[in-house]
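One structure below.
Just so you know, all these numbers are worked out from the coordinates, no wet-lab data involved. Please read all numbers here as calculations on a predicted model, not as lab measurements. Every residue, glycine as well, gets a Cβ built from its backbone with ideal geometry; the counts of neighbours run over all protein chains shown.
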Amino acid sequence: MFALSPEGLERVKKEMRRYETKQSAIIPALYIAQQENNGWISDEVIDYLSRVMEIPAAQINEVFKFYTMFNQKPVGRYHVQVCGTLSCHVNGAPELIEFLCRHLGVKLDEMTADGKFTISRVECLGSCGTAPMMQVNDTYYENLTPEKALQILKNLP
Amino acid sequence: MKETKVLTEHYDKEEYRFLEGYQKWGGYSMLRKALKMKPGDIVEMVKASGLRGRGGAGFPTGVKWGFLPKNGEPRYLLCNADEGEPGTFKDRLIMERAPHQLIEGMLIAAYAIESHKSYIYVRGEYNYPIRVLEKALEEAYQAGLLGRNILGSGFHHDMDIYRGAGAYICGEETGLISSLEGYKGQPKLKPPFPAVQGYLKKPTIVNNVETLAAVVIILRDGPEGYRKYGTEKSPGTKIFSLSGNVLRPGNYEVPLGFPLKDLIFGLGGGIPNGHQLKAVIPGGSSAPVLTAEEAMRATLDYECLANMGTMLGSGAVIVLDDRQCMVDCLGNLMHFYHHESCGQCTPCREGTGWLDKITQRILSGQGQPADVDLLFKVADNMKGRTICALSDAAALPVMSFVTKFRDEFDYYVHNGKSKVKGKVLAHAQMYH
Ligand SMILES: Cc1cc2nc3c(=O)[nH]c(=O)nc-3n(C[C@H](O)[C@H](O)[C@H](O)COP(=O)(O)O)c2cc1C
Ligand code: SF4
Ligand code: FES
C-alpha cells in the first residue's frame, strides 16, 4: 500500500491550506507523491491522495491524466526528456534521440534494464536558442551534440 | 548593429537577481512612486503608453485593465509564465535575470487594479526559474514589499507561485485559470471574459511576464518616454527569441518596427555555413510562415506582420534554411498541435488529428495526390469554430505552408521523398 512519508503528508496538508480552494492542491500533491513513488503515479497513489485530501479519486485521476509531467508508468531513475519541437528538430534533435536510444539499447519511453534511464521525446521546453537540448529530471542540458549528451548521461551517478 | 536594452538594461549583472542588487540599480523606486498615485491614474498611464500584451494576442494592456468592474469585488492578478509557444524563451530570461522586476511590475499592476492577491503561473518544467522566483518572493516579503501595509502605504498584497505540470494549453488564459483552480487545463467559453469572471468566478486580469515587467518602464519613462521607441501602433521595445538555423540564436531586445532581416542577419549573425535563408516563422509556431523574400521586407511590429498575413505573436522568430524540408517542418508542428489539443471541441480534436496523420502519411512516402488539397481543406474547417484559439493556431500555419511551398508538398506526394536534395528524414515512428 502506498503512503506518503510523514514529511510528505505534512507538505500536502500545507498545500491544501495554501490556495483559496483545496482543489488547487491536487497538482502540488501529485508532484509530492510522484517524488516519493519512484517517479510515477499508480492507482494506489491516486486512492491514497483521494483519502487524505478528501477529494474523489476520479477528480484527481482526471487531473493526473491531463498533464504530461505526471508519469503513468514507471520511469528510470533519470528521466531523459529530449525536446523534439521545431527549433530543436532543425538542429539535430532527431539524430540526438536516435543516438541516445541506440547507445542505451532502448526504444523511446522504455526503461533501461538497470532501471537507470528512460528516454522520452517531449515538446518545446523553452530552450530553443540553445538547441538541441534535453531535460534530465529537473535539470536542463543545452547546446548538445549526441556525443556530449551521452557523456553527460554516463557521468550521472 | 546593437540591441536597445530598456527592459533588459541590467540583465547581465549577477547582482540584479537579488533584492539588494536590484535596488542598487533603482529597483522598487517605481513601486514607491506608484503607491503615491491614484490607481486609476496608473491605468490611464498604461493606456496612454499603448503597451500591448506580449503573450501573443497583442491586446492593449490598459484597455484590458479597464474592463474590470468598478466595484469593490475582490479581483485577482495572474501572471502568465507558462511560456509554451514553440520558439519562445524570453519570459524565462526575465524570471531568471530579473525576478524583482517582474514582482515590481506585478505590484504596480495589482495596485492599479486594486487587487490583493496574485499568482505567477509558471510552466512545470521551469524548475530553475521557479527557484529564482521563490527566493525573490522571500526577499520581497522580508523587506515589507509584499504582505500587509506595503512600504507604509496601507496597500496590501500577497503573491504566490503556482507550478504547472506540462500542458501547452494552460498558456491560454482560461485554460490557465482552470488549471490554477485544480482542474484539467481546459479553456472556457468567452464571454464572460476573465476580467468579469475569471479565477473562482472573480474578476481576473491575466497578463504575460514581459507585459508586467514593462509596466515598470512605463512608470519610469512615462507614456511619451515609453513611446520614444517603436511605432505608433506598436510602442516600446520587445524581446525577440531568435532560434532555428541562425548563427547566434538568443534573446534580443529591439524597438518594435525593427527590420526582421537585421535581427536575423545583423544581431543573429545570419545563416550558418553559407546556407541560404528559406523561410521564417516570425511569431511563434502559431504564426503563418514567411518566405525568405517576404522576411527580407518585414518589420517586427504588429501592423506590418498582420498586413503580411501573419502575426507578431510571442516574438519567437524561427529561422529555416535551405537544408530544411517544409513538409517535414510542418509535420513536426502538426504533431505538436495534435498532442496539445485539449480535445473539448470537435473541429480542433479531429482536425489536429487529421493534420498530423496526413502530414505523417506524406512524410512516410504514402501520400495520396489529393492529400495536399485535403490538408488545406481540413485546416480551413478548423478556423473560428472553437472555444479557444489553438485550433486556428494549428490551421493557419498549415494554410501558409501549403500555399507558399506548394511545390515541395506536391513533389513529396508524387515522388515519395523530399524535394530537398539529400534530405533523409527521421521516420514517422520517431513520433509516438
Ligand atoms: C493555445 C494558446 C497558448 C497560449 N500560451 C501563452 C503562453 O504560454 N504565455 C502567454 O503569456 N500567453 C499565452 N497565450 C495568450 C493568453 O491566452 C493571453 O492572451 C495572454 O496571457 C494575455 O496576456 P498579455 O495581454 O499580457 O499578452 C496563449 C494563447 C493560446 C490560444
Ligand atoms: S480549440 Fe482545441 S485546445 Fe482550444 S478548447 Fe477547443 S479543443 Fe481545446
Ligand atoms: S524547440 Fe526545443 S526547446 Fe523549444
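Simple spin-label estimate for A:Glu142 and B:Asn415 gives 3.8 nm between the two label positions (7 Å along the Cα-to-Cβ direction from each Cα). Beta bridges per DSSP, both residues in the range A:78-154: antiparallel share near 55 percent.
Taking every Cα-Cα distance in the range B:237-321 and sorting them into 10 Å bins starting at zero, the pair-distance distribution P(r) comes out as 21, 61, 18, 0 percent. Taken over the Cα atoms of the protein assembly as shown, the convex hull encloses 150 Å³ per residue.
Between B:Lys33 and A:Lys13, what's the calculated FRET efficiency when r is the beta-carbon distance and R0 is 41 Å? Round to 0.05.
On the way: r = 41 Å, r/R0 = 1.00.
Rounded to the nearest 0.05, the efficiency is 0.50.
Fewest to most neighbouring Cβ within 10 Å: what's the order for B:Met296, A:Met134, B:Met45? Each step should come with its number before you reach the end.
Numbers: B:Met296 15, A:Met134 27, B:Met45 21.
Result, fewest neighbours first: B:Met296, B:Met45, A:Met134.
Taking label positions 7 Å along the Cα-Cβ direction at both B:Leu247 and A:Lys73, the computed distance is 4.7 nm, reported to one decimal.
In this simple spin-label approximation, B:Glu134 and B:Thr346 carry label points 7 Å from Cα along the Cα→Cβ vector, and these lie 4.6 nm apart. The sum of -39500 (n - 2.57) across all DSSP H runs of n ≥ 4, divided by the residue count of chain A, sets its helix-only mean residue ellipticity at 222 nm to -13000 deg cm²/dmol. Taken residue by residue and averaged, Cβ atoms of other chains lying within 10 Å of the Cβ of B:156-165 number 3.
Going by the alpha-carbon gyration tensor, a ≥ b ≥ c the square roots of its eigenvalues, is chain B rounded (a/c under 1.5) or, if a/c is not under 1.5, prolate (a/b greater than b/c) versus oblate? Write down the numbers at each step before the final one.
Working: a/c = 2.14, a/b = 1.63, b/c = 1.31.
Cα axes put chain B in the prolate bin.
Residues within the reach of a label modelled at A:Asn38 (point 7 angstrom out along Cα to beta-carbon, backbone nitrogen below 17 Å), restricted to the range A:100-129, are A:110-119. Here the relative contact order of the range A:1-116, from alpha carbon pairs under 8 Å that lie six or more residues apart, stands at 21 percent. Taken one residue at a time, the phi angles of the range B:123-134 give Karplus couplings (6.51, -1.76, 1.60, θ = phi - 60°) of 4, x, 6, 7, 4, 5, x, 5, 5, 5, 5, 4 Hz. Gly and Pro are set to x.
Per 0.36 nm of contour for each residue apart, how much would the distance between B:Asn307 and B:Lys383 grow if the chain were fully extended, relative to their Cα-Cα spacing?
Values: separation 76, 0.36 × 76 = 27.36 nm, distance 1.89 nm.
My answer for the length gained is 25.5 nm.
Neighbour counts of other C-beta atoms within 10 Å: give me B:His100, B:His10, B:His335 arranged from fewest to most.
On the way: B:His100 27, B:His10 19, B:His335 24.
So the ranking, lowest neighbour count to highest, is B:His10, B:His335, B:His100.
Mean partner shielding of peptide A:10-19, defined as the number of other chain Cβ atoms within 10 Å of each residue Cβ, is 1.
Given a Förster radius of 25 Å and the C-beta distance between B:Asn127 and B:Val196 as r, what FRET efficiency does 1/(1 + (r/R0)^6) yield to the nearest 0.05? It comes to 0.15. Of all DSSP beta bridges confined to chain B, the antiparallel ones make up roughly 45%.
Per-residue Cβ neighbour counts within 10 Å put B:Thr174, B:Thr359, B:Thr231 in the sequence B:Thr231, B:Thr174, B:Thr359, beginning with the fewest. The mean count of C-beta atoms from other chains within 10 Å of the C-beta of residues in A:58-68, rounded to a whole number, is 4. Only bridges whose two residues both fall in the range B:43-164 count here: according to DSSP, what percent of them are antiparallel, nearest 5? Looking only at bridges with both residues in the range B:43-164, the antiparallel portion is about 15 percent.
Distance between the C-alpha centers of the range A:52-122 and the range B:299-378? Whole Å please. So the two Cα centres are separated by 24 Å.
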